[in-house]
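Enquirer: Sharing a structure with you now.
The values are calculated or read from the model by the stated rules, or taken from the named source; none is laboratory data. Just so you know, these numbers come straight off a predicted model, no measurement behind them. Methodologically, a virtual Cβ is constructed for each residue, glycine included, from the backbone with ideal geometry; neighbour enumeration extends over all protein chains shown. Keep in mind that these areas ignore ligands, DNA and RNA; they rest on the heavy atoms of the full protein, side chains included. Shrake-Rupley method; radii C 1.70, N 1.55, O 1.52, S 1.80 Å.
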Amino acid sequence: MRKALRWLLALTVLIGTLSTAGAATAAEPEATGTTGLTGTTAATDIKERLLSIPGMSLIEEKPYTGYRYFVLNYTQPVDHRKPSKGTFQQRITLLHKDVSRPTVFYTGGYNVSTNPGRREPTQIVDGNQVSMEYRFFTPSRPDPADWTKLDIWQAASDQHRIFKALKKIYTKKWISTGGSKGGMTATYFERFYPKDMDGVVAYVAPNDVVNKEDSAYDRFFATVGTKECRDRLNAVQREALVRREPLEKKYEALAAENGFTFTTVGSLDRAYEAVVLDYVWGFWQYSLLSDCDSIPADAKNATDDEIWTSIDTISGFSFYTDQGLSPYTPYYYQAGTQLGAPSIVFPHIEKKYIRYGYQPPRNFVPRDIPMTFQPYAMRDVDTWVKHNARHMLFVYGQNDPWGAEPFRLGKGAKDSYVFTAPGLNHGANVAGLVPDQKTLATARILEWAGVASATVQANPSAAKPLAKFDAKLDKRDVEREPALRP
């Protein structure tokens with residue numbers, strides 16, 4: 001992950017936390033006015049309807065032309081099996097267009113952004129969008145935190161309760177979506193609550209069915225891109241380990257300057273190797289083949305600064321510090337208890353230069369949080385998708401490492417698809433598919449959402465997004481896994 005963007009989550013958390021200072025409840029008096037949107041009248045109508053939902057409270061409303069945008073808290077049980085055992089506030093946002101339009105339910109699987117944004121399916125169906133912050137990502141974390149209540153069923157049950165609460169207002173069709181961990185989340189939601197959604201669009205969703213069998217990743221890295229590009233990346237990665245001593249001195253200086261510590265991972269040396277081993281994965285996850293020109297062409301003769309800068313730009317030396325890992329503790333906990341984590345070999349690096357190898361998720365979670373892996377969790381989901389998928393679309397990027405272990409459909413799947421966007425990375429989307437797949441995918445999303453025209457129903461090749469592209473609202477970053485070593 002690129003260094004600058006790894007701190008985006010921390011910034012989002014800070015902004016969201018600060019915004020809760022002015023939280024309002026349903027008892028707060030409302031302003032009046034009109035929206036100018038079909039199907040709504042007084043400006044208070046949708047806000048009042050939202051705040052009439054038990055457990056719903058307002059953090060803030062932000063203006064955006066053509067929409068109403070709300071940042072909300074919703075009271076959730078810590079344990080959906082035992083609702084009386086405590087609650088927490090889960091942050092959600094709502095991009096409201098019209099109750100007569102379909103609704104897209106989005107989660108990235110991490111923190112939720114508190115700024116208006118529209119995911120690709122929302123643009124396609126020209127609908128409303130509900131976005132959910134995943135449980136245990138601050139501030140949506142129970143206090144005290146019982147980490148045993150962070151699992152895929154509990155999170156799916158969060159979505160189920162939010163859907164049931166909002167379905168009374170947004171009565172039209174619903175589509176769930178998400179990218180990366182969010183794509184996984186949308187899939188798990190469908191597995192546990194298959195009657196809630198009318199369709200699922202899961203982007204770049206990894207499917208690590210057998211945690212200890214990761215040879216698919218090794219095959220991916222042996223063939224991705226071009227040999228020239230692979231050789232450049234491998235050479236820089238190897239050189240960073242060959243020059244470990246001088247580059248770790250730079251790392252020590254960086255840590256001292258910024259107050260970075262390494263208690264969770266264990267040492268600066270472990271953190272350094274973790275960053276370096278993320279390098280090749282990180283490039284293919286977030287970059288394109290055309291970006292190979294930015295990689296030093298002659299690693300052996302490159303300066304220390306050139307090697308450092310290339311590693312830092314792609315992997316980020318700040319990430320495996322305590323400060324960098326902390327926002328992602330919930331992710332690593334899940335990777336080490338249910339989701340699984342990939343491990344790869346490095347045939348281009350002599351064993352004498354690798355001291356730790358790819359470290360397990362356990363090394364990135366504070367030791368006072370117990371973890372036990374559940375190998376049946378992903379097997380269950382994988383089996384269910386193969387035999388029961390209905391109205392599900394999986395989109396992958398050809399050059400994205402996470403797509404090396406994708407979801408696959410079996411004979412029991414109906415009206416479901418797995419497509420791969422040529423040349424794309426972890427930001428693959430419907431728009432990047434080849435033309436026939438792009439129009440088919442768009443047509444199916446429109447159909448599932450109940451807004452496909454007669455023309456599209458008769459001729460799927462005529463399908464296109466119903467809403468015009470909005471440069472600000474539709475600006476989408478690549479879906480980010482916290483580390484290329486989950």
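Enquirer: Looking at region 424-438 only, could you name the residues that are out of contact with any Asp or Glu (no Cβ under 9 Å at 6 or more places or on another chain), of a type outside the set (D, E, K, R), more than 12 Å from residue 393 (Cβ to Cβ) and open to solvent by 30 Å² or more (accessible area, probe 1.4 Å)?
Expert: Matches in region 424-438: 434, 435.
Enquirer: Failed condition for residue 89, given (1) open to solvent by less than 20 Å² (accessible area, probe 1.4 Å); (2) out of contact with any Gly (no Cβ under 7 Å at 6 or more places or on another chain), with all others met?
Expert: (1)
Enquirer: Right, here's the next one. Inside region 137-161, can you point out the residues that are open to solvent by less than 30 Å² (accessible area, probe 1.4 Å), among the hydrophobic types (A, V, I, L, M, F, W, C) and not in a helix (DSSP H, G or I)?
Expert: 137, 150
Enquirer: Name the residue, out of 247, 233, that is open to solvent by less than 30 Å² (accessible area, probe 1.4 Å), touching an Asp or Glu at 6+ places or on another chain (Cβ under 7 Å), part of a helix (DSSP H, G or I) and at negative phi.
Expert: 247
Enquirer: Report, by residue number, each residue of region 173-212 that is assigned to a helix (DSSP H, G or I) and surrounded by 24 or more Cβ atoms within 10 Å (Cβ to Cβ).
Expert: 181, 182, 183, 184, 185, 186, 187, 188, 189, 190
Enquirer: Another one. Please enumerate the residues belonging to region 355-402 that are within 25 Å of residue 413 (Cα to Cα), in contact (Cβ under 8 Å) with a residue 40 or more places away in the chain, open to solvent by 10 Å² or more (accessible area, probe 1.4 Å) and part of a loop (DSSP other than H, G, I, E, B).
Expert: Residues satisfying the conditions are 375, 391.
Enquirer: Of the residues in region 299-316, how many are in contact with a helix residue (DSSP H, G or I) (Cβ under 8 Å, 6 or more places away or on another chain) and either part of a loop (DSSP other than H, G, I, E, B) or of a type in the set (Asp, Glu) (or both)?
Expert: Number satisfying all stated conditions: 5.
Enquirer: Can you tell me how many residues within region 255-283 are part of a loop (DSSP other than H, G, I, E, B), of a type outside the set (Ser, Thr, Tyr) and closer than 30 Å to residue 347 by Cβ?
Expert: 3
Enquirer: Okay, moving on. Quick test of your reading of the structure: residue 109 fulfils all but one of (1) open to solvent by 10 Å² or more (accessible area, probe 1.4 Å); (2) under 21 Å from residue 385 (Cβ atoms); (3) part of a loop (DSSP other than H, G, I, E, B); (4) not basic (Lys, Arg). Name the failing condition by number.
Expert: (1)
Enquirer: Within 23 Å of residue 258 (Cβ to Cβ) and either open to solvent by 30 Å² or more (accessible area, probe 1.4 Å) or not in a helix (DSSP H, G or I) (or both): which single residue out of 346, 319 fits that description?
Expert: 319
Enquirer: I would also like to ask the following. Would you confirm whether any residue within region 55-64 is closer than 30 Å to residue 453 by Cα, modelled with pLDDT of 95 or more and surrounded by fewer than 24 Cβ atoms within 10 Å (Cβ to Cβ)?
Expert: yes
Enquirer: Out of the residues in region 202-253 that are in contact with a Ser or Thr (Cβ under 9 Å, 6 or more places away or on another chain) and basic (Lys, Arg), state the one that is modelled with the lowest pLDDT.
Expert: Looking at the filtered set, the residue picked out is 212.
Enquirer: Run residue 326 past the list (1) more than 22 Å from residue 205 (Cα to Cα); (2) open to solvent by less than 50 Å² (accessible area, probe 1.4 Å); (3) in a helix (DSSP H, G or I); (4) among the polar types (S, T, N, Q) and report the number of the one that doesn't hold.
Expert: (2)
Enquirer: Moving on. Which condition from (1) under 29 Å from residue 151 (Cα atoms); (2) open to solvent by 30 Å² or more (accessible area, probe 1.4 Å); (3) assigned to a helix (DSSP H, G or I) is the one that residue 252 breaks?
Expert: (1)
Enquirer: Within region 213-230, how many residues turn out to be open to solvent by 40 Å² or more (accessible area, probe 1.4 Å) and in contact (Cβ under 8 Å) with a residue 60 or more places away in the chain?
Expert: Counting residues in region 213-230 that are open to solvent by 40 Å² or more (accessible area, probe 1.4 Å) and in contact (Cβ under 8 Å) with a residue 60 or more places away in the chain gives 4.
Enquirer: OK, next. Which of the residues belonging to region 77-93 are of a type outside the set (Val, Ile, Thr), in contact with a helix residue (DSSP H, G or I) (Cβ under 7 Å, 6 or more places away or on another chain) and more than 13 Å from residue 139 (Cβ to Cβ)?
Expert: Across region 77-93, the qualifying residues are 77, 79, 80.
Enquirer: With the structure loaded, tell me whether residue 127 is on the phi > 0 side of the Ramachandran plot, of a type outside the set (A, V, I, L, M, F, W, C), open to solvent by less than 10 Å² (accessible area, probe 1.4 Å) and modelled with pLDDT of 95 or more or whether it fails that test.
Expert: No.
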